[in-house]
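Values quoted throughout were computed directly from the atomic coordinates according to the rules given, and no laboratory measurement underlies them. Note that the structure is a prediction, hence the values are computed from the model and not measured. Glycine also receives a Cβ, built like all others from the backbone with ideal geometry; neighbour counts cover every protein chain displayed.
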Amino acid sequence: MHERLAGVVIENPDWLAFIDRYDRPETLFYLDPPYFGNEDEYGKALFSQGQFEIMAKRLSRLKARFIMSINDAPLIHQTVSAFQREKVNLTYSVEGRKGTHAAELIIFGGTSHE
């Protein structure tokens, strides 16, 4: 098993530093920020609502492509209006929310590579 992980590098930078470091035309980013309105679930002051606007501005300048999943909230629609969006209905399967129905947005963007 350790051979499979020989070339793996584990990093834990801030999301913006990570995007800045790896933004290349051949990169595909998957972003899964905290749900809008629930930013403190991962710890106080780790991610604020203001970060969504910063994220949208940075994503608009990507060389890479991205996919982001986020809860379906009106302010998110406004913030990411420059990107393609698809609403998806789902049912949570995690404990505490199991069986709860919700809607998420899948947001796509970045440089297209034909």
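The figures follow:
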{"item": "Residue match in the stretch 66-77 (condition: under 21 Å from PHE18 (Cα atoms), assigned to a loop (DSSP other than H, G, I, E, B) and within 14 Å of the chain's Cα centre (by Cα))", "result": "no"}
{"item": "Count of residues meeting criterion [surrounded by 11 or more Cβ atoms within 10 Å (Cβ to Cβ) and outside any strand (DSSP E or B)] in the stretch 104-114", "result": "1"}
{"item": "Lone qualifier among LYS63, LYS57 - being surrounded by 10 or more Cβ atoms within 10 Å (Cβ to Cβ) and not in a loop (DSSP other than H, G, I, E, B)", "result": "LYS57"}
{"item": "Of all residues in the stretch 1-36 being touching a Leu at 6+ places or on another chain (Cβ under 9 Å) and outside any helix (DSSP H, G or I), the one that is nearest to LYS63 (Cα to Cα)", "result": "ASP23"}
{"item": "Selected residue (only one of ARG97, ARG24, ARG65 is of a type in the set (Lys, Arg) and more than 30 Å from VAL9 (Cβ to Cβ))", "result": "ARG97"}
{"item": "Residue that is surrounded by the fewest Cβ atoms within 10 Å (Cβ to Cβ), among those in the stretch 1-41 that are within 28 Å of GLN78 (Cβ to Cβ) and among the β-branched types (Val, Ile, Thr)", "result": "THR27"}
{"item": "Residue in the stretch 42-51 that is in contact with a strand residue (DSSP E or B) (Cβ under 8 Å, 6 or more places away or on another chain) and surrounded by 12 or more Cβ atoms within 10 Å (Cβ to Cβ) present", "result": "no"}
{"item": "Hits in the stretch 74-103 (condition: crowded, with 16+ Cβ neighbours inside 10 Å and not aromatic (Phe, Trp, Tyr))", "result": "ILE76, THR79, VAL80, ARG85"}
